[in-house]
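The next block holds one structure in the form of structure tokens; read it before the comments.
The values are calculated or read from the model by the stated rules, or taken from the named source; none is laboratory data. What you see is a predicted model; the values in this text were computed from it and never measured. Methodologically, a virtual Cβ is constructed for each residue, glycine included, from the backbone with ideal geometry; neighbour enumeration extends over all protein chains shown.
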Amino acid sequence: MSGPVELAGPDLAQGVPIAEIPEGELRAYDIPSGWVVVTHDERRLFAVSETCTGNGCALADGTFDDRSDRLLCAACESVFDAETGEPLEGPARDPLAVFTAREVDGWVEISAEPVG
């Protein structure tokens with residue numbers, strides 16, 4: 001198991017070009033309420049809290065299955081629904097916070113606070 005991930009990246013409140021987030025890959029960004037992981041498939045964007053609720057792992061090290069819209073934590077193997085943040089498998093029992101994500105003129109914008 002590797003050590004903690006050093007998070008660094010642009011402030012997403014300013015937005016980032018969608019081209020900086022390759023389809024199906026995870027990218028961590030800092031927003032006012034903390035770090036989020038952003039990913040997308042050909043249809044939509046997803047943004048959830050970056051810390052896995054299973055064991056406090058870094059989701060940015062994980063993977064995104066764009067066929068099922070699921071996030072997999074590489075460290076503890078928890079699986080989450082990317083849309084709802086709900087845990088589907090693994091040690092995680094609590095959901096991830098979900099943020100509104102949208103693309104505007106080629107730029108990704110994320111809500112400053114989680115939905116709900």
Legend entry - Residue list for the stretch 21-35, filter: more than 22 Å from Gly90 (Cβ to Cβ), in contact (Cβ under 8 Å) with a residue 40 or more places away in the chain and part of a loop (DSSP other than H, G, I, E, B): Ile21, Glu23, Pro32, Ser33
Inset, instruction - Within the stretch 71-94, count every residue that is of a type in the set (Asp, Glu) and out of contact with any Phe, Trp or Tyr (no Cβ under 7 Å at 6 or more places or on another chain). - result: 4
Legend entry - the stretch 65-116, subset touching a residue at least 60 places away in the same chain (Cβ under 8 Å) and outside any loop (DSSP other than H, G, I, E, B), residue surrounded by the fewest Cβ atoms within 10 Å (Cβ to Cβ): Val104
Inset, instruction - Go through (1) part of a loop (DSSP other than H, G, I, E, B); (2) of a type in the set (Ser, Thr, Tyr); (3) under 19 Å from Glu20 (Cα atoms) and name the single condition Thr39 misses. - result: (1)
Inset, instruction - Report, ordered by the first and then the second residue, all pairs with beta carbons closer than 6 Å, sequence separation of six or more or different chains, a first member in the stretch 36-53 that is in contact (Cβ under 8 Å) with a residue 40 or more places away in the chain and at negative phi, and a second member that is of a type in the set (Gly, Ala, Ser) and assigned to a loop (DSSP other than H, G, I, E, B). - result: Phe46/Ala82; Val48/Gly85; Ser49/Ala97; Cys52/Ser78; Thr53/Ala92
Inset, instruction - Tell me, please, whether a residue that is outside any loop (DSSP other than H, G, I, E, B), more than 21 Å from Ala92 (Cβ to Cβ) and either of a type outside the set (Val, Ile, Thr) or modelled with pLDDT under 95 (or both) can be found in the stretch 46-62. - result: no
